[in-house]
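Here the structure comes first, spelled out in structure tokens, and everything after it is commentary.
Just so it is clear, none of the values below were taken in a lab; they were calculated from the coordinates. All of these numbers come straight from a predicted model, not from anything done at the bench. Here the Cβ is made from the backbone with ideal geometry for all residues, glycine too, and neighbour counts use every protein chain on show.
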Amino acid sequence: MAAGEIQPWLRLGLIPGISSSTQLKLLQAFGSPDAICSAARTQLSPYLKPKQLDGFLNGPDSTLLAQTLTWLREPSNHLVTLADEDYPKRLLETVDPPVMFYLKGRRELLGSTMLAIVGSRHATPQGEQNARAFSEALSHASLTIVSGMAHGIDRAAHEGGLTGPGSSIAVVGTGLDRVYPASNRDLAHQLATNGAILSEYPLGVPPLAANFPKRNRIISGMSVGCLVVEAALQSGSLITARLSADQGREVFAIPGSIHSPVAKGCHALIKQGAKLVETAQDILDELRWQVTPPISHKLPPTPLQGDPEEALLLECMSFDPTAIDTLCDRSNLTPDKVCAILLKLELDGQVASLPGSRYQRLV
């Protein structure tokens, strides 16, 4: 899209306080951004409040407009609008699609079949391992993994997706000149190079709390289904799952321990009709996605028969977080011995340490 064609879209999109639903109503009424920009105050007043109308007639901030146009000159940066042929078709079918969004990375991924994978920011090591393994398997089946680039499950899902041909797309709640959380900067660079990052928010928009639930409709809307890996009963992941169901998408959930707070959201979804899944192949079968040969997510290797005390401690440890005192009671080993074995098992990748001197089995 040439600069002259982009500017009417940016005038529509860079005025603060005009929501995507209002932008959509204006487009439906006038037919194009050019027609909206050419309309008189009296024609626009039925659709805009006085403050919105003044802002639109005055035009966008000139500095922000110049910054955006400069940003769009980079080959990997794009403005995608409802008028573009590669605007995601599934997203277009939803109730409140963004009129335009910014994209950094591989634009061709917009034409792929996508699956949302979401979950807790405070995930367990097992949850992160599951998210990474499912995403890797599904990406190798040529599904593009969509998530929100948060800590925990989102991050693991992107990492798994980037390993396969399906790759991964992050939908974020800030402008694309910012990385939030900052600790995901390396992941953001990987996504920008090998996947994509997408936002409906202009450059410079900070991580406002209200933006993150709103972006969830894009994560679910672009996808054929949504997999929830771990989630508490009150979480943004359940918002995404509910939006997926409302949009007619498939909802999947991985079950967990009845004692784990981050499993309760998944169990609630399953009670409400979400599909319980144990392998990536379960999802592919439900979607009737043809892959030859059939695949499932890669499980960690079974612990080898070795030191009998290591084997005993693993038998005494559940996949729930377990305290050292509990392990001592179950195994009849001394605390010093238990701590020494746990250190070795952790270095071998068979257990993970958690806050509060607790450990969780991974294999």
Let me check against my output: what whole-number percent is the relative contact order of the range 308-361, with C-alpha pairs under 8 Å and at least 6 apart? 44
Could you give the alpha-carbon Rg of the range 113-209 over 2.2 N^0.38 Å, rounded to two decimals? 1.00
Provide the three semi-axes, in whole Å and in decreasing order, of the ellipsoid equivalent to the range 70-148 as defined by the square roots of 5 times the Cα gyration tensor eigenvalues. 27, 15, 13
Could you tell me which of rounded, prolate or oblate describes the range 35-93, using a ≥ b ≥ c as the square roots of the eigenvalues of the alpha-carbon gyration tensor, with rounded for a/c under 1.5 and, failing that, prolate when a/b is larger than b/c and oblate otherwise? oblate
Viscosity 0.692 mPa s, 37 °C: Kirkwood-radius Stokes-Einstein D of the range 1-73 over Cα pairs, µm²/s: 262
As a test, work out the antiparallel percent of DSSP beta bridges whose residues both lie in the chain, rounded to the nearest 5. 45
Estimated dipole of the range 37-143 in Debye, rounded to 20 [Cβ of Lys and Arg +1, of Asp and Glu -1, Cα centre]: 220
Using Cα pairs under 8 angstrom and six or more residues apart, how large is the relative contact order of the range 127-201, in percent? 30
For the range 308-361, shape from the Cα gyration tensor axes a ≥ b ≥ c, cut at a/c of 1.5 then a/b versus b/c, turns out rounded
Cα→Cβ-extended label distance, 7 Å offset, between ALA340 and THR70, nm: 6.2
Using every pair of alpha-carbon atoms in the chain, split the distances into 10 Å bins beginning at 0 and state the percent of pairs per bin, rounded to integers. 5, 23, 28, 21, 13, 6, 3, 1, 0
At a threshold of 8 angstrom on Cα-Cα distance, excluding pairs fewer than six apart, so keeping six or more, what relative contact order does the chain reach in percent? 12
Among the lysines, select those whose C-alpha is under 29 Å from the C-alpha of LYS214, and discard any that sit fewer than 8 residues away in the same chain. LYS25, LYS49, LYS51, LYS89, LYS104, LYS264, LYS271, LYS275
At 222 nm, what helix-only mean residue ellipticity would the chain give, in deg cm²/dmol to the nearest 500, using -39500 (n - 2.57) for each DSSP H run of four or more? -12500 deg cm²/dmol
How large is the convex hull of the Cα atoms of the range 107-287 per residue, expressed in Å³ as a whole number? 101
